[in-house]
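Everything on this sheet refers to the single structure shown next.
Please treat every number below as a calculation from the coordinates, not as lab data. Just so we're clear, the structure is a prediction, and the values are computed from it rather than from any experiment. All Cβ positions, even for glycine, are placed from backbone atoms using ideal geometry, and neighbour counts span all protein chains on display.
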Amino acid sequence: MSSQDQKLTSPSALRNRGPIADLLRHVLPETGTVLEIASGSGEHVIHFAQLFPGLVWQPSDPSPEARASIEEWVKTHSITNVAPPLDIDASAKTWPVEQADAMIAINMVHISPWSATEGLLKGAGRLLPTGGTLVLYGPYRREGQPLVPSNVEFDASLRARNPAWGIRLLEDVASLAKQSGLALTSVTEMPANNLCVVFTRQ
């Protein structure tokens, strides 16, 4: 297999990375390490690393194919502030990383079992310093608000692919985050009926 064949691409990543980067400008530290959970193709972390050269970006993904893709994107762009991708299963009790100054997880919570979200929030509670941020991006349900029709269809398609997947209730995520010392500090509406949700380590 050629290196070109190993590079994965995600249309949604190409669409949403600009708006996400605009939000990250306001919540990330100027220096330090940003851990990305469920990096997927690697197109997000490559884009952010170029925009925020003062940060070291640590991608991760449990998929060998995703990690190979990340490595090839890094090589293609000759980026020096992206660390080699780690094999992290968010639901695991221990991760091969000891600390992070900030964390991001894009389009993970709805495309994984609830145990992965539980592990993600516990991991953020373990790794982040006081004042460190966890940024989540994706669609969410909200109490008292009906899902827009496109997200109703998306949720049904997710559950058809895997009954353990689905669009989560934001209040459930925030309640779980609180147990790990994370406070919900902002919710920003994003394109295509997604939200950027920011938690801060207390």
| note | Here the relative contact order (percent) of the chain, from C-alpha pairs under 8 Å and at least 6 apart, is 19
| note | The farthest towards the positive end of the charge dipole of the range 64-202, of the residues Ser69, Gln202, Ala105, given +1 on Cβ of Lys and Arg and -1 on Cβ of Asp and Glu, is Gln202
| remark: Taking every other residue with Cβ under 13 Å from the Cβ of Trp95 and scoring Lys and Arg +1, Asp and Glu -1, one gets -2
| query | Which of the DSSP-defined H helices in the chain satisfy a minimum axial length of 24 Å, computed from C-alpha atoms, and a minimum mean Kyte-Doolittle hydropathy of -0.5? | reply | 11-27
| request: Can you spot the lysines whose alpha carbon is less than 24 Å from Lys178's alpha carbon? Ignore those fewer than 8 places along the same chain. | output: Lys93, Lys122
| request: Have a look at the range 111-156 and give its Rg and Dmax from the Cα atoms, expressed in angstrom. | output: 14.0, 39
| note | For the range 1-101, listing GluC sites (Glu not before Pro) in a DSSP loop whose Cβ sees at most 13 other Cβ atoms within 10 Å gives Glu30, Glu98
